[in-house]
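Here's the structure, in structure tokens; my notes come after.
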Amino acid sequence: MNTEKSAVSITFWGTRGSISTPGSSTEKYGGNTPCVSVSSGRSTIILDAGTGIRPLGIRLAAQMKTDGPFPQHILLSHTHWDHIQGLPFFQPAYIKGTDLVIYGSSQKERFLESILGGQMDVNYFPVQMKELAANVSIREFEDRFMRIGDIDIDIQEQVMHPGGSIRFKMRTGGKTVVYATDIELNAIFSPDTPTDTTEQLAQEYRDFIHHADLLIADGQYSESEYAEKKGWGHTSVPLLLNVAHEAGVKQLAVFHHDPEHSDAFFDLLSRQYEPVYRNAVPPMHVFWAREGITIEL
Amino acid sequence: MAIMDSINHKQKSGSVADPALASTMRLPLEELVDPDAEMHLDIRVADDDRPQRLRLMKRPYSIGRKVDADITLNQPGISRNHARILYLNNEEIIEDTGSTNGTYVNGVRISRCVLQNNDIIRIGDATLLFTRTPRK
Ligand SMILES: [Zn+2]
Ligand SMILES: [Zn+2]
């Protein structure tokens, strides 16, 4: 791969929301739950640890066989199952000498360490967190900004998702990638009763995604589905597209796919919306995120 | 705490985890991938062209303008060394090999993509339709 010359490359390892969905009707867009890697030069960060982190771990472990262990940074948007379930299957965690740093919100009642350790409790999983061979360190975000290698990262808490979540903005090589999943933008941009708070949240969101080269965002529901899933913490496709376009986003990856949606349905949505925004002013490239794809910016 | 007690009792008296279940269960992955499927690329160099069918033989293919490429596409907008197709772990993968104008799969500019049935690859003005059909 020509990683040398590229500024930033993004790989989707898992794009499905809520629960993994194996089967012939989901193999194109994928059945693994959220995991995205962002690489720039020699720096890589991993966003979320859904079941998609397993194939990524296999790839990294193979690389470590030749290059030796190298540090891994996993940033968690939140700790709902679909975003952490792959963690016990992340092979580098079992490789001695690997520094594995897992970052998450500091705004929770329980410590991140106990939440993550909980899913590896003996009743759920045969290997306990403290038994992992890697040097695992679990950190709660202390600041709204951090830097990992060549990548500058802005961290912002999101509301309008049960329990909250975090969005990330990665800046590297002059490009901006935003990862903002698990949020009900409809409740912010199209609330029943607009308030100062919703207006402020809307402005914060617009500022955060402003002119992003790539926005990876929650677009779980079609418009008609949203009417029945109001308050569930996810966004409808047309609203997302509209908000992203108004903020001057250049490329939008619709993400966190509903487990009920088939490949044929995403093809249909794609055919319906992609040309509208391709021909808009300014043009915005919209696609439905698909497992196994790497794009470069 | 009668309820708690009965729950605790249940946990403790229940059979100790069966080692086979304690580890991850193996999924019959073979059933999801048809190893005998035939894979093709239908290559169309210009819009009005009749496609040329190439059967993919589970080996790497180079794609580019240079004559010794496995798939030579001598067209404007195509780099000498444009892309390649790889066969890895039962999957066909396309990679851009540093082309100037990019490799697109269903309209998305990619640097790497695991191919799925009916994907349309665009390289310059050429389109390559990838199909995977079960062998009857
Ligand atoms: Zn989720
Ligand atoms: Zn969630």
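In whole percent, and with a 1.4 Å probe on the protein chains, what portion of the accessible area of chain A is carbon and sulfur?
Working: 6620 of 13000 Å².
Accessible surface attributable to carbon and sulfur in chain A totals 51 percent.
Enumerate the amide H contacts of B:Asp119 below 5 Å, restricted to partners 5 or more residues apart or on another chain; note that Pro and chain-start residues carry no placed amide H.
B:Phe130
Taking chain A as a Gaussian network, Cα atoms linked when under 10 Å apart, which of A:Gly57, A:Gly117, A:Gly104 shows the biggest mean-square fluctuation?
Greatest mean-square fluctuation among the candidates belongs to A:Gly117.
Would you please calculate the Kirkwood hydrodynamic radius of the stretch A:165-297 over all C-alpha pairs and express it in Å, rounded to one decimal? Walk me through the numbers before you get to the answer.
Values: mean 1/r = 0.0662 Å⁻¹.
With all distinct Cα pairs of the stretch A:165-297 included, I get 15.1 Å.
For chain A, what does the helix formula give at 222 nm: sum of -39500 (n - 2.57) over DSSP H segments with n ≥ 4, over the residue count, nearest 500 deg cm²/dmol? Don't skip to the end; give the middle numbers.
Values: 8 runs with 76 residues, N = 297.
Estimated from H runs of four or more residues: -7500 deg cm²/dmol.
Would you mind telling me the antiparallel percentage of the DSSP bridges in the protein assembly as shown, rounded to 5? Don't skip to the answer; put the middle values down first.
Values: 67 of 95 bridges.
Beta bridges within the protein assembly as shown, antiparallel portion: roughly 70 percent.
Which residue, A:Trp288, A:Gln158, A:Phe90, has the largest displacement toward the positive end of the dipole of the stretch A:8-296 when charges sit on each Cβ (Lys, Arg +1; Asp, Glu -1)?
Among A:Trp288, A:Gln158, A:Phe90, the one farthest towards the positive end of the dipole of the stretch A:8-296 is A:Phe90.
How about the stretch B:32-134: which GluC sites (Glu not before Pro) there are in a DSSP loop, with at most 16 other Cβ atoms within 10 Å of their Cβ? Present the calculation step by step, with values, prior to reporting the outcome.
On the way: sites: B:Glu38, B:Glu91, B:Glu92, B:Glu95; in loops: none.
Filter output for the stretch B:32-134: empty list.
Once B and A are treated as a pair rather than alone, how much accessible area drops out, both sides summed, in Å² to 100, probe 1.4 Å? Kindly include the intermediate steps, with their values, before the conclusion.
Details: alone 9550 and 13780 Å², together 21760 Å².
That pair hides around 1600 Å² of surface in total.
Greater than 31 Å separation of Cα atoms is the criterion. Which listed pairs, A:Lys65/B:Lys66; A:Lys28/A:Lys130; A:Lys169/A:Lys229; A:Lys230/A:Lys250, meet it?
Numbers: A:Lys65/B:Lys66 35 Å; A:Lys28/A:Lys130 37 Å; A:Lys169/A:Lys229 27 Å; A:Lys230/A:Lys250 28 Å.
The answer is A:Lys65/B:Lys66; A:Lys28/A:Lys130.
Would you look at the GNM of chain A, springs on alpha carbons closer than 10 Å, and say which of A:Ala217, A:Ala244, A:Ala134 moves the most?
A:Ala134
Which residues, if any, in the stretch A:14-33 lose at least 50 square angstrom of accessible heavy-atom surface (probe 1.4 Å) when the other protein chains sit next to their chain rather than the chain being alone?
Relative to the lone chain, where solvent access is computed with a 1.4 Å probe, the stretch A:14-33 loses at least 50 Å² at A:Glu27, A:Lys28.
For a quick check, take a GNM of chain A with Cα springs below 10 Å and name the residue from A:Asp67, A:Asp150, A:Asp267 with the largest mean-square fluctuation.
A:Asp67
How large is the accessible surface of B:Arg44 in square angstrom, using a 1.4 angstrom probe and rounding to the nearest 10?
80 Å²
Could you size up the charge dipole of the stretch A:1-103 around its Cα centre, putting +1 on the beta carbon of Lys and Arg and -1 on that of Asp and Glu, and report it in debye to the nearest 20? Walk me through the numbers on the way to the answer.
Working: 8 positive and 6 negative charges, 35 e Å.
Dipole magnitude for the stretch A:1-103 comes out near 160 debye.
Work out Dmax and Rg for the protein assembly as shown from the C-alpha atoms and quote the Rg first, both in angstrom.
So, for the protein assembly as shown, Rg and Dmax equal 22.7, 81 Å respectively.
If you take the alpha carbon radius of gyration of the stretch A:9-103 and divide it by 2.2 N^0.38 Å, what ratio comes out, to two decimals? Intermediate results must be reported in sequence, preceding the final value.
On the way: Rg = 13.0 Å, N = 95, 2.2 N^0.38 = 12.4 Å.
For the stretch A:9-103, the normalised Cα radius of gyration comes out at 1.05.
Could you work out the mean count of beta carbons from other protein chains within 10 Å of each residue's beta carbon in B:112-120? Present the calculation step by step, with values, prior to reporting the outcome.
Numbers: counts 9, 7, 9, 2, 8, 4, 3, 2, 0.
Mean inter-chain Cβ contacts per residue within 10 Å come to 5.
From the backbone phi of the stretch B:53-59, what are the Karplus-calculated ³J(HN,Hα) couplings (6.51 cos²θ - 1.76 cosθ + 1.60, θ = phi - 60°) in whole Hz, Gly and Pro given as x?
Values, residue by residue: 8, 10, 8, 7, 9, 6, 9 Hz.
With a 1.4 Å probe and every protein chain left in place, work out the accessible area per residue of the stretch A:8-296 in Å², rounded to a whole number. Spell out each step's value before the answer.
On the way: 12430 Å² over 289 residues.
Value returned for the stretch A:8-296: 43 Å² of accessible area per residue.
The values are calculated or read from the model by the stated rules, or taken from the named source; none is laboratory data. It should be emphasised that the depicted structure is a prediction, and the values quoted were computed from it without experimental measurement. As a convention, Cβ positions derive from the backbone with ideal geometry for all residues, glycine included, and neighbour counts pool all protein chains shown. Surface areas here come from the heavy atoms of the whole protein model, side chains and all, with no ligands, DNA or RNA. Shrake-Rupley method; radii C 1.70, N 1.55, O 1.52, S 1.80 Å.
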